[in-house]
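Scroll down for the structure; my scribbles are underneath it.
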Amino acid sequence: MQKKILFIGFVFMLTSTLHLRAQYAATDSTYKRWFVGSSLFVLLGNIDTKNPPNFAQLNIGYRITAKDVITLEPKTWKYAWPNGIHPFFSKSYKDPEEQFPGYVREFGLSVSYQRFFWKGLYAELNVMPTLQKFVNDNGKKIDNGFQIFNTYRVGYHIKLFKDRFFIQPSIAITHRAYHTQLPDGFKQLDDKWSKFIFGEPGFHFGFNF
């Protein structure tokens with residue numbers, strides 16, 4: 001219920017802030033090129049007591065032009081349910097019957113490209129190769145894996161405090177484009193679910209310099 005309330009609040013905020021001054025004019029050469037940041041929604045997930053992701057992410061970005069942005073995002077997290085279960089709209093999320101016999105720890109480095117189309121409105125392609133470590137219920141590593149995880153995102157860039165900071169509420173489609181075979185117990189549960197998640201909210205924030 002709390003996640004559904006957060007999602008509704010996120011959509012409301014996204015639609016109510018579109019009138020704010022946002023991205024940079026094509027003729028403006030004075031904007032700050034570099035920024036660092038992270039993802040608020042995923043960091044908030046660390047307070048989850050049932051499936052804490054122990055998540056860490058650092059975004060390091062560069063504005064090639066006023067409309068073209070490249071970002072590197074080293075990150076790590078863990079999860080105990082299949083990624084194909086929608087965290088907001090599926091009753092199976094955190095269902096004990098769908099829980100892995102252990103958890104997956106991932107280490108990834110994603111590369112994203114953002115293209116701005118109108119004011120602060122942008123589209124983003126994010127490609128992330130990850131190394132996976134499969135751990136059983138006894139805390140013992142049983143296997144390694146590899147995954148390519150893509151995110152297709154639409155969002156809005158909002159400047160704050162004279163462009164020192166920014167926030168980017170967004171909506172995404174996530175796609176597990178490729179992964180090696182999962183170990184027994186993990187594979188059977190993962191195979192039941194789609195490789196896509198539609199309508200996953202995002203909320204990035206950052207500091208310009």
Response to the item:
For region 96-209 (alpha-carbon point model, no solvent) the Debye-based log₁₀ I(q)/I(0) at q = 0.09, 0.10, 0.13, 0.18 Å⁻¹ works out to -0.34, -0.41, -0.64, -0.96
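To the nearest 0.05, what FRET efficiency results for TRP118 and LYS141 with a Förster distance of 45 Å applied to their C-beta separation?
Result of the calculation: an efficiency of 0.40.
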Worksheet item: What length, rounded to one decimal in nm, is gained on full extension from TYR62 through to TYR93, with 0.36 nm per residue of separation minus their alpha-carbon distance?
Response: 7.6 nm
Worksheet entry | Under the Karplus curve 6.51 cos²θ - 1.76 cosθ + 1.60, θ = phi - 60°, whole-Hz ³J(HN,Hα) for region 74-81, x wherever Gly or Pro sits | x, 7, 8, 6, 9, 8, 10, 10
Worksheet, complete the sentence: For region 93-98, in residue order, the Karplus 3J(HN,Hα) values (coefficients 6.51, -1.76, 1.60; θ = phi - 60°; whole Hz; Gly and Pro = x) are 5, 6, 5, x, 6, 9
Worksheet, complete the sentence: Rg from C-alpha atoms of the chain, normalised by the globular rule of thumb 2.2 N^0.38 Å, equals 1.08
Discussion item. So, R0 is 30 Å and r is the distance between the beta-carbons of GLN188 and VAL127; what FRET efficiency does that work out to, to 0.05?
Written reply: 0.60
Discussion item. Can you work out the Karplus-derived ³J(HN,Hα) for every residue in region 124-132? Use 6.51 cos²θ - 1.76 cosθ + 1.60 with θ = phi - 60°, whole Hz, and x for glycine or proline.
Written reply: 9, 10, 10, 10, 10, x, 9, 9, 10
Worksheet item: Using modelled amide H (1.01 Å from N, peptide plane; none on Pro or chain starts), what sits under 5 Å from the amide H of ILE142, excluding residues fewer than 5 places away?
Response: PHE134, VAL135, ASN136
Fill in: Relative contact order for the chain, counting Cα pairs under 8 Å that sit 6 or more residues apart, in percent
21
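We did not get these values from a lab; they are worked out from the coordinates using the rules stated. All values derive from a computational prediction rather than experimental measurement. Cβ: placed from backbone, ideal geometry, glycine included. Neighbour counts: every protein chain shown.
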